[in-house]
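Asker: Got a structure for you, written out below as structure tokens; questions coming shortly.
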Amino acid sequence: MVDGPAIAPCSRARDLPVKAGPRYLSHLVNVRDASPQDIAGRAVAFLGNMAMNVIRRRGWELPERVATPEPLFVDRRTFLAAAAAVAASSTTAVAQRLSDLPDPSASLYPAKRTEKYVLDRPITDEAINTTYNNFYEFGSAKTIAKAAQALKLRPWLIKIDGMVEKPFELGIDDLLAKMPLEERLYRHRCVEAWSMAVPWSGFAMAKFVELAKPLSSAKFVRMETFLDRSVASGQRATWYPWPYVEGLTIEEATNELAFLVTGAYGKPVAKQMGAPLRLAVPWKYGFKSIKSIVRFTFTDERPKSFWEALQASEYGFWANVNPDVPHPRWSQATEELIGLGERRPTLLFNGYGEYVAHLYKGLETERLWA
Ligand code: MTE
């Protein structure tokens, strides 16, 4: 069931992100004194509530600290870690039941790590990363992992069209066979002011652009997620401009950091994380990193993204990370490291300025940061 308008079309600009928090805060009191079994039990209850309650969220969630008083917030993290562990085990079971065939790409992983891309923080636990997701096709809550298992990954055709020498289609396994796989450790910064650190596997988007053979007149690449209301209940919500669309300039897409992801944590990427093909552009807010891509269109027109179409005053085309430019409704100065219980200052370009700052020289009059 779709959980109500996330953003009422007539009042988007005023809406604040609303957490379901108050409904389950009662679970959290005294969690510090509880036994691990007790916490796990509460986690199960919590997940049950998340599934059963209609959770109204509007747009992006507030950062945890903004939404929850500090003493509860500390307990909430302990609690969320337990919830994530329980969810991970049940998600795995559901995934095993639902998948028709073993993933034909499984033997490609783990890919060899490219050591150049280093982290300044530990890798986020897989159990947390696979249970705390934004994938609006499956709902506007973070707990979409189970619903996302309905996504069928084979056959998965990818269309390449627009301003290219010759439009073509190819299946994900044919694409994998043509691309040099590697693993990269990247920071991942959501516009909601939380972050993770992820061991992605995949290939440089520059290699993909080479394969696509765009004409010199192409200035942008527009990417599109699958559209199938029968598997993605979120796509039945007509107030969203489906399918999910994102775009990059050709210079951004061929920058060495732009990465097309097919795996994570040493195996094919989980459905809830955007299988079988998603983007990772770590110097930009996470909403640019489109999931489950089926189409790349090369064009000379700047694409209008899903979030820009929904709320242009808050989400623009460039969306580069900048601690000094607040979101209209919250600060971007710091970020919550999910799973670590730590808040850190946000870094300009999410710490990747040495790779990408030059892309924006001469574009200072553009809205580069939101
Ligand atoms: N892609 C699609 N198709 N649908 C989405 O809802 N959410 C975006 C991005 N890509 C989204 C998407 C947002 S807001 C973020 S922060 C990241 O995916 C979340 O990726 P993760 O769930 O792997 O952390």
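The values are calculated or read from the model by the stated rules, or taken from the named source; none is laboratory data. These figures come from a predicted structure and were not determined experimentally. So basically every Cβ, Gly included, is an ideal-geometry build from the backbone, and we count neighbours across all protein chains shown.
Asker: Answer yes or no as to whether Ala275 is of a type outside the set (Ser, Thr, Tyr), more than 24 Å from Leu363 (Cα to Cα) and in contact with a strand residue (DSSP E or B) (Cβ under 8 Å, 6 or more places away or on another chain).
Answerer: Details: of a type outside the set (Ser, Thr, Tyr): yes; more than 24 Å from Leu363 (Cα to Cα): yes; in contact with a strand residue (DSSP E or B) (Cβ under 8 Å, 6 or more places away or on another chain): yes.
Against the criterion (of a type outside the set (Ser, Thr, Tyr), more than 24 Å from Leu363 (Cα to Cα) and in contact with a strand residue (DSSP E or B) (Cβ under 8 Å, 6 or more places away or on another chain)), Ala275 qualifies.
Asker: Which residue pairs have Cβ atoms closer than 9 Å, lie 6 or more positions apart in sequence or on different chains, and pair a first residue in the stretch 180-193 that is at positive phi with a second residue that is among the aromatic types (Phe, Trp, Tyr) and more than 11 Å from the ligand (Cβ to nearest atom)?
Answerer: Ala193/Trp330
Asker: Now for a different question. Go through Asp228, Asp161, Asp174 for me and flag whichever is of a type in the set (Asp, Glu), more than 14 Å from the ligand (Cβ to nearest atom) and without any contact (Cβ under 8 Å) to a residue 12 or more places away in the chain.
Answerer: Asp174
Yes/no matrix, rows are residues, columns are (1) within 14 Å of the ligand (Cβ to nearest atom); (2) modelled with pLDDT of 95 or more; (3) β-branched (Val, Ile, Thr); (4) more than 23 Å from Thr143 (Cα to Cα):
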residue: Pro243; (1), (2), (3), (4): yes, yes, no, no
residue: Thr254; (1), (2), (3), (4): no, yes, yes, yes
residue: Ala280; (1), (2), (3), (4): yes, yes, no, no
residue: Gly286; (1), (2), (3), (4): yes, yes, no, no
residue: Ile293; (1), (2), (3), (4): yes, yes, yes, no
residue: Ala309; (1), (2), (3), (4): yes, yes, no, yes
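Asker: Name the one entry in Pro199, Pro214 that is in contact with a Leu (Cβ under 9 Å, 6 or more places away or on another chain), away from the ligand (no atom under 11 Å from the Cβ) and not polar (S, T, N, Q).
Answerer: Going through Pro199, Pro214 in turn, the sole match is Pro199.
Asker: Within the stretch 249-286, can you find the residues that are surrounded by fewer than 24 Cβ atoms within 10 Å (Cβ to Cβ) and over 21 Å from Tyr117 (Cα atoms)?
Answerer: Passing the criteria: Thr249, Ile250, Ala270, Ala275.
Asker: Working only within the stretch 142-167, note down all residues that are surrounded by fewer than 19 Cβ atoms within 10 Å (Cβ to Cβ) and small (Gly, Ala, Ser).
Answerer: The one that is surrounded by fewer than 19 Cβ atoms within 10 Å (Cβ to Cβ) and small (Gly, Ala, Ser): Ala150.
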